[in-house]
């Protein structure tokens, strides 16, 4: 069996270590790099071109959806397995539309992550049974074709990125520095976001971001942390 290079992106250290251990315990597989936020995941994936990217959906700075979108725009053949605590039908159809072929709940990661990576390496898709039923039900009931398939469809990729950063509590100046923009340009983007989404305050913006899965309010990394951390030796 040929070797396979895997990049693991997750902002929770304990989860990331557990995923890496699962991957490296498989003969012939190696973790070629790790990333702790969406922007780092994009940069390292484009540079290193791993065979498979294991990507957390909820990460600071740039969420998994935007990271996957940017990566697949650069390389449509990149194989990505998304890990998430959410089984939202809207999320699934969004990821399918942009070209993600693997979707796995973190609660199932310890049991099914190896099978997911192996499936993508063989140019197959992977959705566990619960997700498959949700996708099939959505298509049979017409929701797949009716879904807009895009969060914040009126916003550009840059505006979605700035929306997330603002919702995470960054100031306009901090956004400008992080994205190498002038403060005036960042302020213009912020004004455009508020106008396009008909939002009138930062509180409205935060609520919109939470409701649309752009940011996630953590209540601890509730994943198969117990299983993954045990695998990692914690």
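Would you be able to tell me the number of residues in the range 78-122 that are farther than 15 Å from residue 7 by Cβ and part of a strand (DSSP E or B)? So that I can check it myself, show each step before the final result.
Kept after step one, since they are farther than 15 Å from residue 7 by Cβ, are these residues of the range 78-122: 84-99, 101, 103-112, 114-115, 118-119, 122.
In the following step, the residues that additionally are part of a strand (DSSP E or B) were identified as 84, 103-105.
Residues meeting the conditions: 4.
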May I ask you to verify whether residue 227 is in contact with a helix residue (DSSP H, G or I) (Cβ under 7 Å, 6 or more places away or on another chain), modelled with pLDDT under 90 and assigned to a helix (DSSP H, G or I)? yes
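Matching residues to (1) under 19 Å from residue 69 (Cβ atoms); (2) in a helix (DSSP H, G or I); (3) assigned by TED's automatic domain parsing to the domain that holds residue 21; (4) modelled with pLDDT of 85 or more:
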site: 130; (1), (2), (3), (4): no, yes, yes, no
site: 138; (1), (2), (3), (4): no, yes, yes, no
site: 176; (1), (2), (3), (4): no, yes, no, yes
site: 185; (1), (2), (3), (4): no, yes, no, yes
site: 188; (1), (2), (3), (4): no, yes, no, yes
site: 203; (1), (2), (3), (4): no, yes, no, no
site: 207; (1), (2), (3), (4): no, yes, no, no
Enumerate the pairs (first residue in the range 28-48 and without any contact (Cβ under 8 Å) to a residue 60 or more places away in the chain and outside the structural domain of residue 165 (by TED's automatic domain parsing); second residue anywhere and surrounded by fewer than 17 Cβ atoms within 10 Å (Cβ to Cβ) and assigned to a helix (DSSP H, G or I)) with beta-carbon separation below 6 Å, excluding pairs fewer than 6 apart on the same chain, so at least 6 apart or on different chains. 31/24; 32/48; 33/48; 46/74
Test of understanding: among 199, 181, which residue is touching a helix residue (DSSP H, G or I) at 6+ places or on another chain (Cβ under 7 Å), at pLDDT 80 or above, at negative phi and outside the structural domain of residue 91 (by TED's automatic domain parsing)? 199
Go through the range 30-77 and report how many residues are within 21 Å of residue 124 (Cβ to Cβ), in a helix (DSSP H, G or I) and out of contact with any helix residue (DSSP H, G or I) (no Cβ under 9 Å at 6 or more places or on another chain). 0
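Tell me whether the range 96-114 contains one or more residues that are touching a strand residue (DSSP E or B) at 6+ places or on another chain (Cβ under 7 Å) and under 29 Å from residue 171 (Cβ atoms).
No, there is no match, as no residue in the range 96-114 is touching a strand residue (DSSP E or B) at 6+ places or on another chain (Cβ under 7 Å) and under 29 Å from residue 171 (Cβ atoms).
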Do we find a residue being at pLDDT 80 or above and farther than 23 Å from residue 31 by Cα anywhere in the range 106-118? no
Among the residues of the range 152-172, is there at least one that is modelled with pLDDT under 60 and surrounded by fewer than 18 Cβ atoms within 10 Å (Cβ to Cβ)? no
Could you count how many residues in the range 25-46 are closer than 16 Å to residue 75 by Cβ and over 18 Å from the mean Cα position of the chain (by Cα)? 1
Residue 69: passes all of (1) farther than 19 Å from residue 116 by Cα; (2) touching a strand residue (DSSP E or B) at 6+ places or on another chain (Cβ under 9 Å) but (2)
Could you figure out which of (1) modelled with pLDDT under 80; (2) over 19 Å from residue 66 (Cβ atoms) isn't true of residue 216? (2)
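The values are calculated or read from the model by the stated rules, or taken from the named source; none is laboratory data. In this text, all values refer to a predicted model and were calculated from it rather than measured experimentally. Glycine gets a Cβ as well: all are built from the backbone with ideal geometry, and neighbour counts include every protein chain shown.
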